[in-house]
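The values are calculated or read from the model by the stated rules, or taken from the named source; none is laboratory data. None of these values were measured; they are calculated from a predicted model. We place every Cβ from the backbone using ideal geometry, glycine too, and count neighbours over all the protein chains shown. SASA here: full protein model, heavy atoms, side chains in, ligands and nucleic acids out. Shrake-Rupley method; radii C 1.70, N 1.55, O 1.52, S 1.80 Å.
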Amino acid sequence: MTEVLSNLDDCIDRTIERVGPNLVVAAPLGLGKPVQLLNALYRRVAADSSLNLRIITALSLEVPRASSELEANFSGPIMERIFGDYEALAYLQPLKTGTLPENIQVSEFYLKAGSMKNNAYAQQHYVSSNYTHAVRDLSLIHI
């Protein structure tokens, strides 16, 4: 029976009730991720050490940032049109800075070229896989 929920917190509560405290989420490539749901899960698990979250995904994108005023003036309208009010992935900055909570793991099987080259955590949790074999390869990850 399908249950429709209109509140993210209710959705997270129901998920934990049905699945238990060890949550594994496989999220799609790139911009297809359910960002609000992933962020709600991330925040809940980060605030509750009795829960664990494993995010398995590909190509966690972020809105490009201008590196100068000139670049911002030129790219600002384009970025606004393309990304609008796109919500940032809550796990991405902690992943990049090495500050993920101990009860949260993130494994990616595609990375934006060069984006994590000096990030030991991201490199150690990277899964090298052809998209054709992603389901097979990711099912082998020890959770």
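Go through the range 47-106 and give me each residue that's on the phi > 0 side of the Ramachandran plot and basic (Lys, Arg).
Going through the range 47-106, the residues on the phi > 0 side of the Ramachandran plot turn out to be 59, 84, 98.
Hits for the range 47-106: nothing passes.
Considering the range 7-24 alone, what residues qualify as being under 18 Å from Glu108 (Cβ atoms) and surrounded by fewer than 17 Cβ atoms within 10 Å (Cβ to Cβ)? Before you say what the answer is, go through the steps one by one.
Residues of the range 7-24 under 18 Å from Glu108 (Cβ atoms): 23-24.
Across the range 7-24, the qualifying residue is only Val24.
Does Arg43 satisfy being of a type in the set (Lys, Arg), open to solvent by 40 Å² or more (accessible area, probe 1.4 Å) and within 15 Å of Leu92 (Cα to Cα)?
Details: of a type in the set (Lys, Arg): yes; open to solvent by 40 Å² or more (accessible area, probe 1.4 Å): yes; within 15 Å of Leu92 (Cα to Cα): yes.
When the stated conditions are applied, Arg43 passes them.
Please go through the range 16-34 and give me each residue that is out of contact with any strand residue (DSSP E or B) (no Cβ under 9 Å at 6 or more places or on another chain) and at pLDDT 90 or above, ordered by number.
Looking only at the range 16-34, we keep the residues that are out of contact with any strand residue (DSSP E or B) (no Cβ under 9 Å at 6 or more places or on another chain), and these are 17-20, 31-32.
Hits for the range 16-34 are Glu17, Arg18, Val19, Gly20.
Scan the range 86-143 for residues that are assigned to a loop (DSSP other than H, G, I, E, B) and either modelled with pLDDT under 90 or open to solvent by less than 90 Å² (accessible area, probe 1.4 Å) (or both) and report the count. Outline the logic, then answer.
Narrowing the range 86-143 to residues assigned to a loop (DSSP other than H, G, I, E, B): 86-91, 98-103, 109-119, 125-130, 140-143.
Pick out the ones that are also either modelled with pLDDT under 90 or open to solvent by less than 90 Å² (accessible area, probe 1.4 Å) (or both) and you get 86-91, 98-101, 103, 109-119, 125-130, 140-143.
Qualifying residue count, the range 86-143: 32.
Inside the range 61-95, can you point out the residues that are free of Cβ contacts under 8 Å to residues at least 24 places away in the same chain and either among the small types (Gly, Ala, Ser) or closer than 30 Å to Leu51 by Cα (or both)? Give the steps one after another, and end with the answer.
Applying the first criterion (free of Cβ contacts under 8 Å to residues at least 24 places away in the same chain) to the range 61-95 yields 64-85, 93-94.
Hits for the range 61-95 are Ala66, Ser67, Ser68, Ala72, Ser75, Gly76, Gly84, Asp85, Gln93, Pro94.
Would you point out the residue of the range 53-76, among those that are within 29 Å of Leu100 (Cα to Cα) and open to solvent by 60 Å² or more (accessible area, probe 1.4 Å), that is modelled with the highest pLDDT?
Ranking the candidates gives Ser67 first.
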